Amino acid sequence: MLIKTRMAGEGHANSRRLSPEGCRAPALGDACQRDRNLYKEVNDLVAAYASSKYSVFLGIGNGSFNQLNPVSVSPGIKNFVSVAIGDLNGDGHLDLAVTYAGSNTVAVLLGNVGGGFQQQTQYPTGLGPDSVAIGDLNGDGRLDLAVANLWTNNVTVLLNRNALADDDFNGDLNSDILWRHDSGQVYIWEMDGLGIKAEGAPAHAPVPNDWHIESTGDFNGDLNSDILWRHDSGQVYIWEMNGLAIAAEGAVVHAAVPNDWHVQDVGDFNGDSKSDILWRNDNGQVYFWEMDGLAIKAEGAPAHAPVPTAWHIEGIGDFDGDLKSDILWRHDNGQVYLWEMDGLQIKAEGAPAHAPVPTDWHIQDIGDYNGDGKSCCGTRSGSGRLAHSQCVGWMSEA
């Protein structure tokens, strides 16, 4: 890749050769070589230092570039210092990481089909961020960022916690299907689009029917979904999965949980890339288990009074883009409310600026529908019409 930068007041561009992921700092492991092999057609990025605009020249495949139709990008950033390129969210499109003068942040612009980019999302660094490099720093298969800070003489490392696919038991970023027979037998389809690429039952006797699958989540941080069980007695048990096999299993070291406590959902509330368990009592009290594999590393209730039972937990999602799961509530009157979480604590809470949603509208799912790194809600009305609000999916009844 050829990066050309034009400094303020200069009449010509300066050039320097970079590896495909844009490493200006020393190469991190074998990430540079891997990306050379992965991205055969690299782009030519021309950054205008003072104009807050740059162009991407798409590679033709023979070492030359399409100079007639560059992709113009205007992220609202001036005074570029360094640019790195890599597929940060695993969608097959190259993304940008940009540092620039006058800001103590690094900006990430996710790539679209055709070479365009979405609006920037900023992440904090040290003082005077200079060079930015991309590489898999912790060996989890996801590209991370390393930013050298000029004024604090240190390096900020930002680990990539892009969420794994739901029910991804083999870590291939494709969701799989978990089955259970009336006999208690568990079975898994490992999916690849419309095809089943592998299937089978874990090497385990059928599980008695007084054990119930409560949820799935990545409790040990290996990028494979695990299975959370609960017994009628209240005992909690986890299968740590590796594809069709159980890599480890065991009861969580905790007394059986009384049956007036219910698992509400599973999410990463403290941002450690491991799933945690969200509980709620019949009296409205909320409680968290921060998990580390089969063990609870921290637990507690947020500093909040029990929530009246007219409020219901609809789901969880990262609504503020801080890589930590938040809680979506809804009242019987239709009012929506959010808790932005930071581990066991509520760092902010409030109702979206929206009238209560009529009760013939129902939240169907939570996801990032607009690709900005923040969860939204999908809804459906009784009529069957779909709508999105605050990135939440709704469905109505009529």
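The values are calculated or read from the model by the stated rules, or taken from the named source; none is laboratory data. Keep in mind that what you see is a predicted model, and the values were worked out from it rather than measured. Note: ideal-geometry Cβ built from the backbone for every residue, glycine included; neighbour counts use all protein chains shown. With ligands, DNA and RNA removed, areas are computed over all heavy atoms of the protein, side chains included. Shrake-Rupley method; radii C 1.70, N 1.55, O 1.52, S 1.80 Å.
Within the range 313-359, the set of residues being over 30 Å from VAL108 (Cα atoms), exposed (fewer than 15 other Cβ atoms within 10 Å of the Cβ) and not hydroxyl-bearing (Ser, Thr, Tyr) comprises ASP332, ASN333, GLY334, ALA355, PRO356, PRO358. The residues listed here are GLY250, GLY267; of these, the one that is over 22 Å from PRO206 (Cα atoms) and either open to solvent by 40 Å² or more (accessible area, probe 1.4 Å) or in contact with a Leu (Cβ under 7 Å, 6 or more places away or on another chain) (or both) is GLY267. Report yes if ASN170 is closer than 25 Å to ASN220 by Cα, open to solvent by less than 50 Å² (accessible area, probe 1.4 Å) and within 21 Å of the chain's Cα centre (by Cα), otherwise no. The answer is yes for ASN170.
Residues in the range 274-307 that are open to solvent by 30 Å² or more (accessible area, probe 1.4 Å) and over 18 Å from ASP342 (Cα atoms): 5 in all.
Mind listing whichever residues of the range 178-228 are of a type outside the set (A, V, I, L, M, F, W, C), open to solvent by 50 Å² or more (accessible area, probe 1.4 Å) and assigned to a loop (DSSP other than H, G, I, E, B)? Talk me through it step by step, then tell me what you get.
We begin by selecting, within the range 178-228, every residue of a type outside the set (A, V, I, L, M, F, W, C); these are 180-185, 187, 190, 192-193, 195, 197, 199-200, 202, 204, 206, 208-210, 212, 214-218, 220-222, 224-226.
If we keep only those that are open to solvent by 50 Å² or more (accessible area, probe 1.4 Å) as well, we get 180-183, 185, 187, 192-193, 197, 199, 204, 206, 208-210, 212, 214, 222.
Listed by number, the residues that qualify are HIS181, ASP182, SER183, GLN185, GLY193, HIS204, PRO206, PRO208, ASN209, ASP210, ASP222.
In the condition set (1) buried (at least 18 other Cβ atoms within 10 Å of the Cβ); (2) closer than 19 Å to LEU323 by Cβ, GLN119 is compliant with all but (1).
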